[in-house]
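Presented below is the structure to which this report refers.
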Amino acid sequence: METQKGNTTSVMTEEAYEYVKITIAETGESFDCSTNESVLEGMRRLGKRGIPVGCRSGGCSVCKCQVVKGEYHQHRPMSTEYISKQELEENCVLTCCIKPKDNLEVKVIGKMHKNVCEK
Amino acid sequence: MAITGVLRPGHAQIRVLDLEEGVKFYRDVLGLVDMGRDSQGRHYFKAWDERDHHSVLIRQADKTGIDLFGFKVDSEATLEKFEKDLQAYGVTTKRIPAGEMMNTGERVQFTLNNGHAIELYADKKDVGNGLGYHNPKPWGPDAERGIAPTRLDHALLAGGDLDQALDIFVNVLGFYLVEEVVAPDGMKIAVWLSCSNKTHDIAFLRHAEDGKLHHVSFWLETWEKVLRAADIMSMNDVPVDIGPTRHGITRGATIYAWDRSGNRFETFSGGYPAYPDHAVITWPVEHLPEGLDYAQRKLHETFLTVFS
Ligand code: FES
Ligand SMILES: [Fe+2]
């Protein structure tokens, strides 16, 4: 069996963490997410909706969002098929690959809401 | 000999975002046998009951998806014949030298209009399944490590020109159509093709973007083992897409899940013996929900939207 590398529900296996609030800009809906799990997994685990859920591993892009407020860090590589350097600079990310550092506000831009970041 | 020409799927080469993480996943969670790494950095695996040297290669890249899908043919003469037939059809082929892929002979590669590289080869080293060819045991330790499928079974490849892929596989490579999903206007949306007695050795899905991987599939012997696979996935935080359930299409008992880089894979069992004289089974597209998930009869949105 693989030793846990914690790409999804890693809340139980890691050290200090806290809960922050993630708000989806379009709808104003929000959910609580641990600083130790991805924004997408935090949403999915609570049965919440808003960001489309796909591979949860940075490979498919359906969870693409632009972070418009708040700090986060990237804990997994994202397929460059879907996220360019420039997009990263504009805080366009795959939400399965980032963990929040504090409260975040995100705009959904994957598949259904294309091209917010593209010039 | 009944199965001639193209024998079976022989290898899939998959791109992962982190090679070491990928190796751990394919070896320890999926439970393939580690067959080593080549000088290009491709890491090789085989399913435990396969006899040829490898069936899965992974390589690190900054984009996920599939590089190529290969089929073994019955002889060098057949390889040459297919090469000529493909060229006569109007497809550009190239020869890749023996040894470019570990323990593998010359390969004939071509690219379908849907963006997928397909290759044929006649020779790959028989390393056996570890049980020997003389008074063998039925299984060994590799059959219980991780999910431990017995073989690479098929792939579902997505892209725009489904019709050309279907035409080449049926009319040049000798596959037959087993099942299909069809739109009201008669347009084929997805096709399942066999070169053997299986319900599918390859499948194609019509999709706006070319060269997309829907899934690579691995065979398990029983539904019980599919449930065991579900346990192992959850124990290892593997993101599951659909299942465990049964597909109406091909009747396989299945789980769709994603590898650590977001490439979808399937572990499945069941189906029925297919024959080239059987009438094609058609699923009008409004019945895709039960074709996909017979137990729940609902369309999982990810089936038509999530690719790598
Ligand atoms: S869910 Fe596939 S990239 Fe995030
Ligand atoms: Fe499949």
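The values are calculated or read from the model by the stated rules, or taken from the named source; none is laboratory data. All values derive from a computational prediction rather than experimental measurement. Every residue, glycine as well, gets a Cβ built from its backbone with ideal geometry; the counts of neighbours run over all protein chains shown. Only protein heavy atoms, including side chains, enter the accessible area calculation; ligands, DNA and RNA are left aside. Shrake-Rupley method; radii C 1.70, N 1.55, O 1.52, S 1.80 Å.
Could you check what % of the DSSP bridge pairs in segment B:6-143 are antiparallel, to the nearest 5? Restricted to segment B:6-143, the bridges split so that about 70 percent are antiparallel.
When the charge dipole of the protein assembly as shown is built from unit charges on Cβ atoms (+1 for Lys and Arg, -1 for Asp and Glu) and taken about the Cα centre, the candidate among B:GLN296, B:TRP283, B:ALA98 whose Cα reaches farthest toward its positive end is B:GLN296. Among the chymotrypsin sites (Phe, Trp or Tyr not before Pro) in segment B:105-156, those located in a DSSP loop and surrounded by at most 11 other Cβ atoms within 10 Å of their own Cβ are B:TYR133. Packing, taken as the mean count of other beta carbons within 10 Å per residue, orders the peptides A:23-29, B:154-160, B:50-56 from highest to lowest as B:154-160, B:50-56, A:23-29. Counting only Cβ charges, +1 for Lys and Arg and -1 for Asp and Glu, the dipole size of segment A:19-113 around its Cα centre is about 280 debye. Interface between chains B and A: roughly 2300 Å² of accessible area buried, both sides summed (probe 1.4 Å, protein heavy atoms only). A rounded overall shape is assigned to chain B, the ratio a/c of its alpha-carbon gyration tensor axes (a ≥ b ≥ c) being less than 1.5.
Think of each Lys and Arg Cβ as +1 and each Asp and Glu Cβ as -1; about the Cα centre, that makes the dipole of chain B roughly 400 debye. Among the residues of A:57-70, the average count of other protein chain beta-carbon atoms within 10 Å of the residue beta-carbon is 5.
Between A:HIS75, B:TYR89, B:PRO138, the Cα set farthest toward the positive side of the dipole of the protein assembly as shown (charges on each charged residue's Cβ, about the Cα centre) is that of A:HIS75. Projected onto planes of every orientation and averaged, the convex hull of the alpha-carbon atoms in segment B:1-118 covers 8.3 nm². Report the charge-dipole magnitude of segment B:6-143 in Debye, nearest 20, computed about the Cα centre from +1 at each Lys and Arg Cβ and -1 at each Asp and Glu Cβ. The calculated dipole for segment B:6-143 is roughly 80 debye.
Per residue, the convex hull around the alpha carbon atoms of segment B:147-304 comes to 112 Å³.
Tell me which of B:TYR256, B:ASN236, B:ALA165 sits at the most positive position along the dipole axis of segment B:150-267, charges placed on C-beta atoms (Lys, Arg +1; Asp, Glu -1). Working it through, the farthest residue towards the positive pole turns out to be B:ASN236. The three principal axes of the C-alpha atoms in segment B:53-95 carry coordinate ranges of 36, 27, 13 Å, sorted with the longest axis first. If you average the C-alpha positions of segment B:54-98 and of segment B:166-223 separately, how far apart do those two centres end up, in angstrom? After rounding, the separation between the Cα centres reads 17 Å.
Taking the highest mean first, how do the peptides B:184-197, A:91-104 order by number of other beta carbon atoms within 10 angstrom per residue?
Final packing ranking: A:91-104, B:184-197.
Classify the protein assembly as shown: rounded, prolate or oblate, from the alpha-carbon gyration tensor (a ≥ b ≥ c, eigenvalue square roots; a/c under 1.5 rounded; otherwise prolate if a/b is larger than b/c)? Judged from the Cα gyration tensor, the protein assembly as shown comes out prolate (a/c at least 1.5, a/b above b/c).
For segment B:232-256, heavy-atom accessible area (probe 1.4 Å) falls by no less than 30 Å² from the chain alone to the full protein assembly at B:ASN236, B:ASP237, B:PRO239.
Taking a ≥ b ≥ c as the square roots of the Cα gyration tensor eigenvalues, with a/c under 1.5 meaning rounded and otherwise prolate when a/b beats b/c, else oblate, which class fits segment A:19-113? It is rounded, given that a/c, with a ≥ b ≥ c, falls under 1.5.
Among DSSP beta bridges lying fully in the protein assembly as shown, give the percent that are antiparallel, nearest 5.
Of the beta bridges lying entirely in the protein assembly as shown, close to 75 percent run antiparallel.
Per residue, the protein assembly as shown exposes 41 Å² of accessible surface when a 1.4 Å probe is rolled over the protein heavy atoms with every protein chain present. Rolling a 1.4 Å probe over the protein heavy atoms of the protein assembly as shown, with every protein chain left in place, gives an accessible area that is 50 percent carbon and sulfur.
Within chain B, DSSP assigns beta bridges of which about 70% are antiparallel (rounded to the nearest 5).
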